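Trainee: Provided herewith is a single structure, encoded as structure tokens, for subsequent inquiry.
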Amino acid sequence: MKKTITDSTIDADVLTYTVGEDPVLDLALAKWDCMGTAAHVTMLSEMKGLKRPIVTKAEAAQVRKALARIVERAEKGKFAIRVDDQDVHMAVERLLTEELGDLGKKVHTGRSRNDQVAVDVRLHMKSEILQTEKEVCALAAELCSFGFDAGPIPLVGRTHLQPAMPSTVEMWATGHAEMIIDQLANFEAAYALADLNPLGSAAGYGVPLPLDRARTTKLLGFSRTLHNCFGASMARGECEASLLSALAQLMCVLSRLAEDLILFSMPEFGYFKLPRAYCTGSSIMPQKFNPDVLELVRGKTAQVIGWQTAALTLLHAMPGGYNRDLQDAKLLYMKGLETTRTTLRILAKVVAGLKVNADSCREAFTPGVFATDVALAKVAAGTPWRDAYHEVRDQFAALYEGKPAEVANLDPDRQVALKTHEGTCLGLDHDLYQRRISEAVQSADSRLDALDACCKRLLK
């Protein structure tokens, strides 16, 4: 066997230990590694100031066509990374060398695997973040649709899980939707970090060749170049941690939605009915339909938080420059992405099949839920707020037991109909939600199309 970068003198156990899960994880990076190599070899063929080109333009075209064939193999599941390759970078180089001979051996000129993997991860992240954003929007859209259809069906608003004030199913659903949509800001921050080109930083200190880093930035569709080569090398891991932070925060929001669905579908509440297709049975109790999928959302949230913590812990005492520990950040962010994206898709299905029991929602109202409304009615009649507050508080037992005249004519539908200011029961802006979702999807689609166009230009 020809020697590759992994010298045959390396102990087999050490090789296995250091390679880790890269031969499997890096399969997701094959397309992006080929794209980065295509940009790099194009730049090499255009370099000025050399006595002779390292790679001619004709040779660069040969390499790009060979890379396109590797991508096609990867898309068909026929691309494999051997242990002696160690990673996707050397697997691609091996295949290029097998097909193109000495020309394949030239593609690594001026690069380190450090800047290669940084490019691969950033391109992969950009695509994954945008697809995640679309799935965020899909779940938010299902929640809005559920809420709009339910309309002003009264729902007991709760604080501390105790009955508090009149609300509606629509307000509950769109409130969760808005929380979810707002998480896009965190993904956009992670995207902005990923949208910087580290290629050409090599092992973190540059090379004595006239590399045109601005050229690869343009070819790969990055917003700008990571200027300082040392800083570009150290930035490895920061992108992964940033994305995991966005994923963990989103999962916390999704976990709260799951918990509400578990509680409000309990027989003791009975507000909602979960779709049977997403509930599991019991091995001993025939009557059971358990919200296992929602309980697992809580458990998987803990996992993503753990991976975020692991990524930050990797970085917290790391010295400057590249360190092999950073390899583990790849596994963490990929697991975080897979878990979060699966959770988004599952929850969208659950919400799409959710049913409302309007009678149970209305029956849950007790006189105490109207206490604040009664106090505010006194204010409208001229009583100072604090006096009204104390009067109602002192009558609290009567509100439950005797139903005094002040609350005798109050009912949930009438009370929610009085709440018309912005963001309350009858003040919800349907167009606002639809516009935010539509604009976010269009933005993600536009950038995905641009990324795909860069890939097609390079790999033709």
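The values are calculated or read from the model by the stated rules, or taken from the named source; none is laboratory data. Everything numeric here is computed off the predicted structure, so don't read it as measured data. Note that we place each Cβ from the backbone using ideal geometry, even for glycine, and neighbour counts take in every protein chain shown. These area figures cover heavy atoms from the full protein model, side chains too; ligands, DNA and RNA do not enter into them. Shrake-Rupley method; radii C 1.70, N 1.55, O 1.52, S 1.80 Å.
Trainee: Could you tell me which of the residues 41, 83, 24 is over 28 Å from the mean Cα position of the chain (by Cα), surrounded by fewer than 14 Cβ atoms within 10 Å (Cβ to Cβ) and at negative phi?
Mentor: Result: 83 is the single residue among 41, 83, 24 that is over 28 Å from the mean Cα position of the chain (by Cα), surrounded by fewer than 14 Cβ atoms within 10 Å (Cβ to Cβ) and at negative phi.
Trainee: Looking at region 72-79, is at least one residue open to solvent by less than 30 Å² (accessible area, probe 1.4 Å), modelled with pLDDT of 95 or more and either assigned to a helix (DSSP H, G or I) or not basic (Lys, Arg) (or both)?
Mentor: no
Trainee: Right, next: For residue 330, are the conditions met, namely being of a type outside the set (A, V, I, L, M), closer than 30 Å to residue 23 by Cα and free of Cβ contacts under 8 Å to residues at least 60 places away in the same chain?
Mentor: no
Trainee: Can you find a residue that is loosely packed, with under 15 Cβ neighbours inside 10 Å, closer than 21 Å to residue 357 by Cα and aliphatic (A, V, I, L, M) anywhere in region 286-295?
Mentor: Checked region 286-295: no residue is loosely packed, with under 15 Cβ neighbours inside 10 Å, closer than 21 Å to residue 357 by Cα and aliphatic (A, V, I, L, M).
Trainee: Mind checking which residues of region 206-226 are assigned to a loop (DSSP other than H, G, I, E, B) and either out of contact with any helix residue (DSSP H, G or I) (no Cβ under 6 Å at 6 or more places or on another chain) or touching a residue at least 40 places away in the same chain (Cβ under 8 Å) (or both)?
Mentor: Those that are assigned to a loop (DSSP other than H, G, I, E, B) and either out of contact with any helix residue (DSSP H, G or I) (no Cβ under 6 Å at 6 or more places or on another chain) or touching a residue at least 40 places away in the same chain (Cβ under 8 Å) (or both): 207, 208, 209, 210, 211, 212, 221, 222, 223.
Trainee: Can you work out which of the residues in region 359-393 that are surrounded by 14 or more Cβ atoms within 10 Å (Cβ to Cβ) and small (Gly, Ala, Ser) is farthest from residue 143 (Cα to Cα)?
Mentor: So the residue we want is 388.
Trainee: Which residues, counting only those in region 255-285, are in a strand (DSSP E or B) and charged (D, E, K, R)?
Mentor: Matches in region 255-285: 273 only.
Trainee: Can you name the residue in region 230-244 that is at pLDDT 95 or above and touching a Phe, Trp or Tyr at 6+ places or on another chain (Cβ under 6 Å) and, of all such residues, is surrounded by the fewest Cβ atoms within 10 Å (Cβ to Cβ)?
Mentor: 244
Trainee: Taking only pairs six or more apart or across chains, which ones have beta-carbon atoms under 9 Å, a first residue in region 416-444 that is assigned to a helix (DSSP H, G or I), and a second residue that is hydroxyl-bearing (Ser, Thr, Tyr)?
Mentor: From residues that are assigned to a helix (DSSP H, G or I), the pairs are 416/167; 416/168; 416/424; 430/174; 433/174; 444/132.
Trainee: Name the single residue that is most open to solvent (accessible area, probe 1.4 Å) among those in region 441-460 being among the charged types (D, E, K, R) and under 18 Å from residue 125 (Cβ atoms).
Mentor: Among those residues, the one meeting the criterion is 449.
Trainee: Shifting gears a bit: I need a count of the residues in region 189-199 that are crowded, with 17+ Cβ neighbours inside 10 Å and more than 19 Å from residue 114 (Cα to Cα).
Mentor: Selection size over region 189-199: 2.
Trainee: Ok, one more. If only one of 206, 237, 200, 175 is out of contact with any His (no Cβ under 9 Å at 6 or more places or on another chain) and under 30 Å from residue 53 (Cα atoms), which one is it?
Mentor: 206
Trainee: So, one more: For residue 247, are the conditions met, namely being within 30 Å of residue 344 (Cβ to Cβ) and either open to solvent by less than 10 Å² (accessible area, probe 1.4 Å) or in a loop (DSSP other than H, G, I, E, B) (or both)?
Mentor: Here the answer is yes, as residue 247 does meet what is asked.
Trainee: Let me ask something additional. Report whether or not residue 156 is modelled with pLDDT of 95 or more, over 21 Å from the mean Cα position of the chain (by Cα), over 23 Å from residue 28 (Cβ atoms) and β-branched (Val, Ile, Thr).
Mentor: Judged against the criteria, residue 156 is a match.
Trainee: Which of the residues that make up region 200-229 are open to solvent by 20 Å² or more (accessible area, probe 1.4 Å) and aromatic (Phe, Trp, Tyr)?
Mentor: Passing the criteria: only 205.
Trainee: Please tell me if residue 56 is free of Cβ contacts under 8 Å to residues at least 60 places away in the same chain and either open to solvent by less than 20 Å² (accessible area, probe 1.4 Å) or at negative phi (or both).
Mentor: Taking the combined requirement at face value, the residue satisfies it.
Trainee: Next up: Among the residues of region 264-299, write down those that are under 30 Å from the mean Cα position of the chain (by Cα) and basic (Lys, Arg).
Mentor: 273, 276, 298, listed by residue number.
Trainee: So, one more: Cβ-Cβ distance below 6 Å, separation of 6 or more or different chains: which pairs start in region 89-100 with a residue that is closer than 15 Å to residue 74 by Cβ and end on one that is among the basic types (Lys, Arg) and surrounded by 17 or more Cβ atoms within 10 Å (Cβ to Cβ)?
Mentor: Within 6 Å, the pairs are 89/113.
Trainee: Here is a further query. Could you tell me which residue of region 95-152 is nearest to residue 64 (Cα to Cα), considering only residues that are among the charged types (D, E, K, R), assigned to a helix (DSSP H, G or I) and open to solvent by 40 Å² or more (accessible area, probe 1.4 Å)?
Mentor: 99
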